[in-house]
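Peer 1: The structure is given below, and queries will be raised subsequently.
None of the figures in this text is laboratory data; all of them are computed from the coordinates on show. Quantities reported herein were computed from a predicted structural model and do not represent experimental measurements. A quick note on method: Cβ atoms are made from the backbone with ideal geometry, for glycine too, and the neighbour counts reach across all protein chains shown.
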Amino acid sequence: MKPKFIFAKGIAAVCVLGWMTAAPSLRAEESLGEKVSDAAQDAWDATKRTAKKVEHSVEKKVDELRKDTDKENDAVHQGNKVNVTLEETQIAMPSAIPAGPTTFVITNKGKERHGFEIEGRKLDRELKKTLQPGETVLLSVDLPPGKYEVECPVGDHDDKGMKRQLTVK
């Protein structure tokens, strides 16, 4: 009978020993799961923070654009409105206009992209972007009396005839 008891003790010892060696790996797996969960939560929190920053930047830019549009609309209603047509070899617009707040309504009727710049009397204003064919934009300036040069600053367009003099009276 003793051998059976010893055998039973041996099996119990193996079971306990097996459990003791397996338990740390189970605990390690729980730690790994917790680590993964924590990492996922950190990533989610970082994503939310980034989304908030992007949202704030977009709102700020929209506000700036609204203010610029309001200024342009005010200038259109308060001052001179000058229609400008850009084509491949010319800028079509009046050669003389009255002094004061002026909004140029610039339309690209050409097949290439064009720009618009006005210089003179310590003034140098240019569109922030080039115009694609068919596109129209506004440029508002306050023009004191004097002589100005208007040109397309894209490539060598000015050398191809896209420049002219403007007299402001």
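Peer 1: For the pair residue 122 and residue 89, how long in nm is the line joining their label points, each one 7 Å along Cα→Cβ?
Peer 2: Here the modelled spin labels are 3.9 nm apart.
Peer 1: Also: For residue 81, which sequence-distant residues (separation of 5 or more, or a different chain) have an amide H within less than 5 Å of its own amide H, given hydrogens modelled in the peptide plane?
Peer 2: Excluding prolines and chain starts, which carry no amide H, the hits are 103.
Peer 1: A further question on this structure: Can you work out the Karplus-derived ³J(HN,Hα) for every residue in the range 52-64? Use 6.51 cos²θ - 1.76 cosθ + 1.60 with θ = phi - 60°, whole Hz, and x for glycine or proline.
Peer 2: Calculated HN-Hα couplings, in order: 5, 5, 5, 4, 5, 4, 5, 4, 4, 5, 4, 4, 4 Hz.
Peer 1: If you average 1/r over all unlike Cα pairs in the range 104-169 and invert the result, what Kirkwood radius do you get in angstrom?
Peer 2: Working: mean 1/r = 0.0811 Å⁻¹.
For the range 104-169, inverting the mean 1/r across all distinct Cα pairs yields 12.3 Å.
Peer 1: Now, a different point. Arranged by the count of other C-beta atoms within 10 angstrom, fewest first, what order do 67, 109 take? Please report the intermediate quantities before stating the final value.
Peer 2: Details: 67 10, 109 15.
Ranking 67, 109 by Cβ neighbours within 10 Å, fewest first, gives 67, 109.
Peer 1: Taking θ = phi - 60°, what integer Hz values does the Karplus form 6.51 cos²θ - 1.76 cosθ + 1.60 yield along the range 79-84, in sequence order, with x for Gly and Pro?
Peer 2: x, 7, 10, 10, 7, 10
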